[in-house]
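Trainee: I'd like to ask you about the structure that follows.
Here, each number is a calculation from the coordinates, and none is a lab measurement. Everything quoted here is computed from the prediction, not taken from an experiment. In this analysis, Cβ positions are derived from the backbone assuming ideal geometry, glycine residues included, and neighbour counts consider all displayed protein chains.
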């Protein structure tokens with residue numbers, strides 16, 4: 001009976017050691033998972049920052065391109081209107097002068 005009792009104590013000690021080791025491994029795995037999660041979050045933040053910068057740069061480039069296109073179109077329209085105004089300038093001056101002359105006549 002004493003031998004059985006000693007054997008049970010050994011088995012119980014082994015079981016306690018296995019439980020303790022399993023608990024430590026679980027704790028280590030949890031710590032490692034947390035560290036990996038933190039690294040993943042940091043990497044995700046870095047990636048998000050880089051992507052935001054890329055998108056911002058792209059948006060600025062597109063806005064500049066659109067602005068340049070609009071500026072060219074506006075300059076062309078301005079030149080066209082200026083040419084039309086110059087075309088009609090002689091007529092306008094003549095009409096104004098004639099109107100003034102008519103009013104000045106008694």
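Trainee: Taking the beta-carbon count within 10 Å as an exposure proxy, list 89, 1 from fewest neighbours to most.
Mentor: 1, 89
Trainee: Another question, if that's okay. Using 0.36 nm per residue of separation minus the Cα-Cα distance, give me the extension gain between residue 101 and residue 87 in nm, one decimal.
Mentor: In short, 2.7 nm is gained.
Trainee: For a distance above 15 Å, tell me the whole-number percent of Cα pairs in the chain that qualify.
Mentor: 84
Trainee: Starting from the Cα-Cα distance between residue 73 and residue 1, subtract it from 0.36 nm times their residue separation and give me the gain in nm to one decimal.
Mentor: Fully extending the segment from residue 73 to residue 1 adds 15.4 nm.
Trainee: Separate question: What value, in deg cm²/dmol to 500, does the helix sum -39500 (n - 2.57) over DSSP H runs of n ≥ 4 give at 222 nm once divided by the residues of the chain?
Mentor: Using -39500 (n - 2.57) per qualifying helix, the result is -37500 deg cm²/dmol.
Trainee: Here's another thing I want to ask about it. Round to the nearest 10 and give me the degree value, 0 to 90, for the angle of helix 2-104's Cα axis relative to the longest principal axis of the chain.
Mentor: Roughly 0 degrees between the two axes.
Trainee: Measure off 7 Å from each Cα along the Cα-to-Cβ vector at residue 40 and residue 26, then give the distance between these two points in nanometres to one decimal.
Mentor: With each label point 7 Å from Cα toward Cβ, the separation is 2.1 nm.
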